[in-house]
Amino acid sequence: MLDNPAATMQYPVTKRAFGLAILVLSGLQLMVVLDGTVMILALPRLQEQLGLSSAGSAWTVTAYGLPFAGLMLLGGRLGDSFGRKRMLIVGVSLFTLASALCGTAQNEAWLIAARALQGTGAAIAAPTAFALVASTYAPGPARNQAVAIFGSMVGIGSVGGLVIGGALTQVDWRWIFWINVPIGLLIVWGAMTQLRDTEHRRTGLDARGAVLGTLACAAIVFGATEGPELGWDSPYILTAVIGGLILMVVFVLAERDVPNPLLPWSLFDSRDRVITFIAIFLTSGVLGATTFFVAQFLQNVLGYSPLTAGLASIPFTLGAGVGTAVASKLALYVQPRWLLLVSAIVLSAGLAFGSTLDSSAEYFPTLLILLSVVGFCVGTAIVILPLCVLVGVDMAHIGPLSAVGQMFMNMGTPFAVGLLSPVALSKTLSLDKGATGKVSEMNPHQIEALSSGYTFVLLVCAIGTAVMGLIALTLRYTPAQLAQAQHAQDEAQKN
């Protein structure tokens, strides 16, 4: 007999989390995380076999990340308005279709368009998944187990994506996309049969704001990414950059008059919170750019196979896991600005050292230690900063603020990759004009020029990290405030 009869009516699962429902929800989370990781390892093969340009390689990451981050808040609103189960099914179906289109891509434009469609599907499905955990599992052991399983998918996906992505890419790069098709179909079937829809009511969606913001970011990144190849005085580049800036101004002005805005300006009324959002954006950018260019360096310069590169990158993910665990404990005793400053100093020094590497770099001990240290510092930042966002926030606003924080975290990677890829290309071309074709056809001097482009970006990331550390130094939060935020976050996940 159940201890809480009311829970039987309200929640489909009241005792244990293990079952088909959690497989559906955690499977979605795993699929989204895996997709971001496996793509980066496949890029050198895509450059060779599909003829991707340097800008095209960046766009395969950016085209997914921009709509995913830009439309995520709208995706959450769609779930509230039309039902989370329904929008989960729509989002996963769109993601699955886009994955099939990615796997059958015949040229650069096809692949980039399909990646943008993938990001849109993920933006619709992902925000609803965690909300469905809360509505499916009763408070107590069942929900705690479900939250733990759901959250563990990030770590499993980050490590597993490196190995699975490397192995699949070695067989055929198309399989990194095709593998999503049967998984997506199983998730759709499981959602239809195992999940119950939530109560919903029609609210203002602010679709205009979502579209304006995403298009503004895409136009600016397009101008920066394509500038080195088309020329900075190209009418296409000038139109994209100027148009993007105009759209950004229109977005800001439009948000002020919307009854239910995508980004309520009241969320930015705290100086410390604004600083935290900036630091999150910079940290995400450094993380994304480092992962992107280190993967290129390992394969195109050191000659690692995709599987070997994936295995070689695991210490980075493990280091990040250790960093999050240590930081969550230290945050209760040390002011966050000092934790962030120290991690920024160490990370900046590590990236600066990484910028001096070339084709003679040894994995052990040099790269092994470097990847572990960089991962640890990144892990420290990504656990401290989200807690800073929630300081002094009441329970009713924890969800929206967490969503905005996630948006900034997801927006950093496509922006950094899009803006720093032309920096790497310009550095490479300054050393050897011929270092832009297939890596297999390059001579040693061209490989060194390519290497200098990749490592120069690490130096830029080191500077960006130092700036983040100086910005974080102005935070005024105390360990007691972070402890309260951590408690509020835990309570929000339970209720």
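Some points to look at:
- Filter result for residue 99 (modelled with pLDDT of 90 or more and crowded, with 23+ Cβ neighbours inside 10 Å): yes
- Which listed residue, of 64, 11, is of a type in the set (Phe, Trp, Tyr) and at pLDDT 90 or above: 64
- Residue list for region 25-54, restricted to those being surrounded by fewer than 21 Cβ atoms within 10 Å (Cβ to Cβ) and outside any helix (DSSP H, G or I): 50, 51, 53
- Selection status of residue 425, assigned by TED's automatic domain parsing to the domain that holds residue 359 and either more than 30 Å from residue 126 (Cβ to Cβ) or of a type in the set (Asp, Glu) (or both): yes
- Among the candidates 435, 483, 449, 488, residue that is outside any helix (DSSP H, G or I), of a type in the set (Gly, Ala, Ser) and surrounded by 13 or more Cβ atoms within 10 Å (Cβ to Cβ): 435
- Exclusive hit being on the phi < 0 side of the Ramachandran plot, crowded, with 22+ Cβ neighbours inside 10 Å and assigned to a helix (DSSP H, G or I), set 324, 290: 290
- Region 352-393 - residue that is β-branched (Val, Ile, Thr), at pLDDT below 95 and not in a helix (DSSP H, G or I) and, of those, surrounded by the fewest Cβ atoms within 10 Å (Cβ to Cβ): 393
- Cβ-Cβ distances below 9 Å connect the following pairs, each with a first residue in region 364-389 that is in contact (Cβ under 8 Å) with a residue 12 or more places away in the chain, a second residue that is part of a helix (DSSP H, G or I) and charged (D, E, K, R), and a separation of six or more residues or different chains: 388/272; 388/273; 389/273.
For (1) out of contact with any Pro (no Cβ under 8 Å at 6 or more places or on another chain); (2) more than 24 Å from residue 314 (Cβ to Cβ); (3) surrounded by fewer than 24 Cβ atoms within 10 Å (Cβ to Cβ), each residue gets a yes or a no:
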site	(1), (2), (3)
111	yes, yes, yes
132	yes, yes, no
135	yes, yes, yes
149	yes, no, yes
156	yes, no, yes
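- Count of region 253-277 residues, restricted to those that are assigned to a helix (DSSP H, G or I) and surrounded by 15 or more Cβ atoms within 10 Å (Cβ to Cβ), is 8.
- If the condition is being surrounded by 15 or more Cβ atoms within 10 Å (Cβ to Cβ) and not hydroxyl-bearing (Ser, Thr, Tyr), then region 468-478 contributes 468, 469, 471, 472, 475.
- Taking each residue of region 473-486 that is touching a residue at least 40 places away in the same chain (Cβ under 8 Å) and more than 13 Å from residue 389 (Cα to Cα) and looking for partners that are in a loop (DSSP other than H, G, I, E, B) and of a type in the set (Val, Ile, Thr) with beta-carbon atoms closer than 8 Å, six or more apart or interchain, yields 479/334.
- Residue in region 336-351 that is at pLDDT below 90 and within 23 Å of the chain's Cα centre (by Cα) present: no
- Residue within region 108-118 that is assigned to a helix (DSSP H, G or I) and of a type in the set (D, E, K, R) present: yes
The values are calculated or read from the model by the stated rules, or taken from the named source; none is laboratory data. From a predicted model like this one, the values you see are computed outputs, not experimental measurements. Virtual Cβ from ideal backbone geometry, glycine too; neighbours counted across all protein chains shown.
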